[in-house]
Amino acid sequence: MSQSAVLSAVINRRYSKNMWLIVGLGNPGEEYAETYHNVGFRIVQRIAGEQNVRLREHCGAALISGRVVLGGEPAVLVMPQTFMNNSGAALPPVLERFDATAADLIVVYDDLALPLGKLRVRQKGSAGGHNGIKSLISTIGSDEFLRVRVGIRPDREVGEVHDFVLSRVAKTDRELLDQAEELAVQAVETLIAAGIEQEMAEYIGIDLREELKDN
């Protein structure tokens, strides 16, 4: 068998299973692109850049990428375009297209309950006050999907939560949040390649604030 035939067989075997759906949460539109609440969008866009793909195909109310390989397995990148609080409404057509369930989702998003510079990975659970996750759980009827939560709470008073999450990332927070978003990209790949147990062990103790101080 030729090398190209072997490669084709491997690709076909990979794509015969359900896709991982990497869902980044955020709000569509340039006015929201650099806000704290668009962490999920930016992480998915970082992955797209590394994979040299674009999220430009419409699947219902979501933008999706072509198929990529992450952690050795096939995946599709997804950005709901229904605004954060109604994120779940964009998922049913995507799930149907890829014959996927909640178990095939990895959702990445901002979390004000976590300090800036911290990441957490969860296998399931409540929305924890996050309206985008609340919408997903309500729409798909399950809370059993993987999440990569990226902390956005700075070491200062944030005032009104709604105003803060929809504000542009402050210059004082930009470097730390950039590092956290890049770490989240790595976390998604580790989650796929090695599973939830190794992921939690590898990332739970990381505090980028301390690393930034040391440098």
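Some points to look at:
- The residues of the range 183-196 that are open to solvent by less than 60 Å² (accessible area, probe 1.4 Å) and in contact (Cβ under 8 Å) with a residue 24 or more places away in the chain, listed by number, are LEU183, ALA184, VAL185, ALA187, VAL188, THR190, LEU191, ILE192, ALA194, ILE196.
- Scanning the range 62-100 for residues that are of a type in the set (Ser, Thr, Tyr) and touching a residue at least 60 places away in the same chain (Cβ under 8 Å) yields one hit, SER87.
- Verdict on ARG147 being part of a strand (DSSP E or B), surrounded by fewer than 19 Cβ atoms within 10 Å (Cβ to Cβ) and of a type in the set (Lys, Arg): no
- Residue, most open to solvent (accessible area, probe 1.4 Å), within the range 49-70, restricted to residues that are closer than 18 Å to THR139 by Cβ and within 15 Å of the chain's Cα centre (by Cα): LEU63
- Yes/no for ALA127 being surrounded by fewer than 19 Cβ atoms within 10 Å (Cβ to Cβ) and farther than 17 Å from HIS37 by Cα: no
- Residue match in the range 133-142 (condition: assigned to a strand (DSSP E or B) and within 18 Å of the chain's Cα centre (by Cα)): no
- Candidates ALA90, ALA102: the one that is open to solvent by less than 60 Å² (accessible area, probe 1.4 Å), of a type outside the set (Asp, Glu) and in contact with a Pro (Cβ under 7 Å, 6 or more places away or on another chain) is ALA90.
- The residue of the range 150-181 that is most open to solvent (accessible area, probe 1.4 Å), among those that are free of Cβ contacts under 8 Å to residues at least 12 places away in the same chain and not in a loop (DSSP other than H, G, I, E, B), is LYS171.
- Given (1) touching a helix residue (DSSP H, G or I) at 6+ places or on another chain (Cβ under 8 Å); (2) without any contact (Cβ under 8 Å) to a residue 24 or more places away in the chain; (3) in a strand (DSSP E or B), index of the condition ARG54 fails: (3)
Condition check ((1) among the β-branched types (Val, Ile, Thr); (2) within 18 Å of GLU181 (Cβ to Cβ); (3) at pLDDT below 95) across all residues:
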site: SER16; (1), (2), (3): no, no, yes
site: TRP20; (1), (2), (3): no, no, no
site: VAL44; (1), (2), (3): yes, yes, no
site: GLU50; (1), (2), (3): no, yes, no
site: ALA61; (1), (2), (3): no, no, no
site: SER65; (1), (2), (3): no, yes, no
site: PRO93; (1), (2), (3): no, no, no
site: ALA113; (1), (2), (3): no, yes, yes
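- Residue check, ASN38 of a type in the set (S, T, N, Q), over 29 Å from GLN179 (Cβ atoms), in a helix (DSSP H, G or I) and modelled with pLDDT of 95 or more: no
The values are calculated or read from the model by the stated rules, or taken from the named source; none is laboratory data. The shown structure was predicted, so the numbers you read here are calculated from the model rather than taken from an experiment. Cβ: placed from backbone, ideal geometry, glycine included. Neighbour counts: every protein chain shown. Note: accessible area is taken over every heavy atom of the protein model, side chains too, but ligands, DNA and RNA are not part of it. Shrake-Rupley method; radii C 1.70, N 1.55, O 1.52, S 1.80 Å.
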